[in-house]
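Read the structure below first, then the notes.
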Amino acid sequence: MLHALSASSQRVILPKSGCTSAAVRPHNILPKATRSVIVRAQETNTEAITTPSQPTYKNVGPEAKPFGVGEGELGNVVTASLPTLMRLGAGAFCVGYEAQLVEDDGGYAVFRANNQKVKETSKVATYPRPAKPLEIYEYELSPYCKKVREAITMLDLDAIFYPTPRDGDVWRPKAIEMGGKKQFPYMVDPNTGKSMYESDDIVKYLFNTYGPGEQEIPGLLTAGFFTVLSAGLGNVARVGSNTIIKSKQPAQPLVLWGYEASPFVKIVRETLCDMQLPYKLVTVARGSPKREELIKKYGAFAAPCLEDPNTESYLFESSAIVKYLKDTYSADATSPIPSAA
């Protein structure tokens, strides 16, 4: 099962230093040392980021298909959709999302008819982009963690997630040791050396550093008690599905292409959290310039898509991904894979 949506564009990085565009004003309010770290790293990695690599992984799952729900999975998808409904779609669109009808050039389109197609864009390409992914220690059921995930998705940022479920014995102890508090989410930004707790502070930091500034944070993220309440109530129906699953840690983090509002992606995130498996989230909400990357790599866009650098494989469809994770990384799995433990 999966949620197949798409947009056409390419991955874009921060304009080189010297650009005077008003679009990068938030970058200019950063300390000089911080600005130079972000810009230098991005200038160095421009070619690597913008040049798509040829597919080298093998498909070990079903082919991507739009809006497929596996047999017997309808109830699971419905309850996984409740958080998005409660949050009024937060985490479905990038900041500055726009859709327009243009002449059909044969590329991907969310809809096409009569030689025209709907093209989706956003403003995220005009904001500074971190050279290295953020690091987030969090767990799926926390409303505060959900708020941060929504902000990351809206800003089209990539982040390595280290799951810290209640009673977790892998990344939770490490996060407590690093930050000194038993509190989540906990964010580390290797690009600026910043680390912090408190979801509101993290959201402000992200919008100031990698977005249009905190004055443009969407109201769904700044509604105080309503934000926390709606994020928490949406997960009520999913509480029973979150149980620690003993697992083998991979040598390299997995890679998940997805976005916060997708119920299909949520189902996969829950399993990754239960198994305490680290993963890099490549955010691809509506209007993301990274959707075209996935199309170029595998010939289709569908969320979720899981890449496993440890087995050099990839697959679509949430139910297939969940089965793969359990078959490959559960403690009693017999698959011969490189692991960290």
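Observations
- All positions within region 291-309 that are open to solvent by less than 20 Å² (accessible area, probe 1.4 Å) and either modelled with pLDDT of 95 or more or in contact with a Leu (Cβ under 9 Å, 6 or more places away or on another chain) (or both): ARG291, PHE301, ALA302, ALA303, PRO304, CYS305, LEU306, GLU307, ASP308
- Scanning region 192-205 for residues that are out of contact with any Leu (no Cβ under 6 Å at 6 or more places or on another chain) and surrounded by 23 or more Cβ atoms within 10 Å (Cβ to Cβ), we see that the one that is farthest from PRO133 (Cα to Cα) is SER199.
- One residue stands out among those in region 171-189 that are open to solvent by less than 50 Å² (accessible area, probe 1.4 Å) and in a loop (DSSP other than H, G, I, E, B): the one that is nearest to ALA92 (Cα to Cα), which is PRO185.
- Of the residues making up region 284-337, just one is over 17 Å from GLN252 (Cβ atoms), touching a Lys or Arg at 6+ places or on another chain (Cβ under 6 Å) and assigned to a helix (DSSP H, G or I), namely GLU293.
- Looking across region 246-277, just one residue is open to solvent by 20 Å² or more (accessible area, probe 1.4 Å), polar (S, T, N, Q) and not in a loop (DSSP other than H, G, I, E, B), and that is SER247.
- Number of residues in region 220-235 that are open to solvent by 50 Å² or more (accessible area, probe 1.4 Å) and free of Cβ contacts under 8 Å to residues at least 60 places away in the same chain: the value is 3.
The values are calculated or read from the model by the stated rules, or taken from the named source; none is laboratory data. These figures come from a predicted structure and were not determined experimentally. Note: ideal-geometry Cβ built from the backbone for every residue, glycine included; neighbour counts use all protein chains shown. Calculation scope for accessible area: heavy atoms of the full protein, side chains included, ligands and nucleic acids excluded. Shrake-Rupley method; radii C 1.70, N 1.55, O 1.52, S 1.80 Å.
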